[in-house]
Amino acid sequence: MSIELKNVSYTYMAKTPFEHLALNDISLTIPEGKITAIAGHTGSGKSTLIQHFNGLLKPDSGVVLVDGTDIGSKNNEAKMARRKVGIAFQYPEHQLFEETIAQDIAFGPKNMGCGPEETDSRVKYAMDFVNLDYNKYADRSPFHLSGGQKRRAAIAGILALKPKYLVLDEPTAGLDPKGRESLMGRILKLHKEEGTTIVLISHNMDDIAQYADNVIILSKGKVLIQASPEEAFSRVDAIHQAGLELPEIKEILNELAAKGLPIENNAYTMEKAVSEILSVLGRQGKC
C-alpha cells in the first residue's frame, strides 16, 4: 500500500492580495516499506506537502489516499487512515506543550484511547528509542531540554503513536555529527526491525544519497523529479534548477570524469564511489 496524492493543489490565502499557490497539481506516491526523501529549496512546498499526508491541510483540489482510503472523507475509516501517518516537524518546540516530557509523549496515545498501562508502556518505549532515559527525563519540563533533546522528545511523541508512516522534517538539523549519526541509526533501526515507512524531508543531499530508496524533488510547488537515487542524481540540470546541490561524492566523481578518469559515474555514496574508483584503477593496472 502507499500514501498517494492525485492532482493535489493548495493555495494559501486564496482570493486575497497575498494569494500564493503552494502546491500545483501534484501527483506522487510514497511506497510502503521504503525510505522516501523529499527535497527542495526554501519555498518549494515541502512543508505544505507533508501536512496533506495526514489531513492537517486539505487540498483545494485533488485527493490524498492512505492505503487506498481518501483521508478527506468524514468517516471512521478516513480517521483511522489519518492516524497511520505521524509527522515530526522541523521545529520541535512547536510540538511540545505539556508540563513534563512523559505527559507530552503520553498525550497522543491517551487521545487514541489507550489505557494507562498501554500508554505508560508506549512512553517508555518511545523515550528509550530516542535515547532519553525515562528515569532521568520523564518528569522534566520539555522546555528545559537542549535543541537536540527537544527534537528527540518530539519524535518520541510521534513514535508513541506507532505510526505506519513516519514523516521527519529535517530531523538532523542543528545536531552535531555524533548526534546526527545516532538519530539516523535509530531511525534506520525502526525502519528495518519494525517495517516503518520513513519519509525524510531534507536539504542535505548526502543524507538523501546515503539513506533513501526513492527521491522526490520539488520546485515551485511542482514535482520536478520522482525517481531512484541513481536516476535522480544523474539529472544534474534538474537538481540545480531546484536550487539544490549534488551529493558531495557525486561532485567529486564528476570532477574525476572531467579530468579523464574513465569512470562510470553512477555512484552516489562513498562505498559505491570507492568501489568504482578501485575498479577503474585496477583495470588500468594502477592498483
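Taken together, the values in this text are just the output of simple stated rules run on the coordinates, not laboratory data. Fair warning: this is a prediction, and the values are worked out from it, not measured in the lab. Note that we place each Cβ from the backbone using ideal geometry, even for glycine, and neighbour counts take in every protein chain shown.
Details
- For region 16-62 and region 152-202, distance of Cα centres in Å: 20 Å
- Proximal aspartates and glutamates relative to Lys110, as straight alpha-carbon distance under 16 Å, when same-chain residues fewer than 8 apart are discounted: Glu98, Glu99, Glu118, Asp120
- Global form of region 90-139, assessed from the alpha-carbon gyration tensor, a/c cut-off 1.5: oblate
- Ranking Ser121, Leu278, Thr197 by how far each Cα lies toward the positive end of the dipole of the chain (charges on Cβ) leaves Ser121 at the top.
- Counted residue by residue at 0.36 nm each, then reduced by the alpha carbon distance between them, the extension gain from Thr16 to Glu193 reaches 58.9 nm.
- Of the residues Pro171, Pro116, Pro229, the one that moves most in a GNM of the chain with alpha-carbon contacts below 10 Å is Pro116.
- The chain - share of DSSP beta bridges that are antiparallel (%, nearest 5): 55 percent
- Of Leu218, Leu253, Leu161, the residue with the greatest mean-square motion in the GNM of the chain, using alpha carbon springs below 10 Å, is Leu253.
- Contour excess over end-to-end distance, with Cα ends at Thr42 and Asp133 and 0.36 nm allotted per residue: 29.3 nm
- Length-normalised contact order for region 61-186 - Cα pairs under 8 Å, 6+ apart - percent: 33 percent
- Under 12 Å from Lys220, Cα to Cα: aspartates and glutamates that are on another chain or at least 8 residues apart: Asp25
- Cα gyration tensor shape of the chain, rounded if a/c is under 1.5, else prolate or oblate by comparing a/b with b/c: oblate
- Region 188-287: C-alpha gyration tensor shape, a/c 1.5 cut-off, then a/b vs b/c: oblate
- Spin-label model, Ser275 to Lys220: label points 7 Å out along the Cα-to-beta-carbon direction sit 3.9 nm apart.
- Only Lys, Arg (+1) and Asp, Glu (-1) charged, at Cβ; the chain dipole about Cα centre in debye: 260 debye
- Straight-line cross-link reach from Lys58 at under 18 Å between alpha-carbon atoms covers these lysines, not counting any fewer than eight positions away in the same chain: Lys6, Lys15, Lys46, Lys74, Lys79, Lys84, Lys222.
- For a label point 7 Å along the Cα-to-beta-carbon line of Asp60, residues of region 207-232 with backbone N under 14 Å: 221-222
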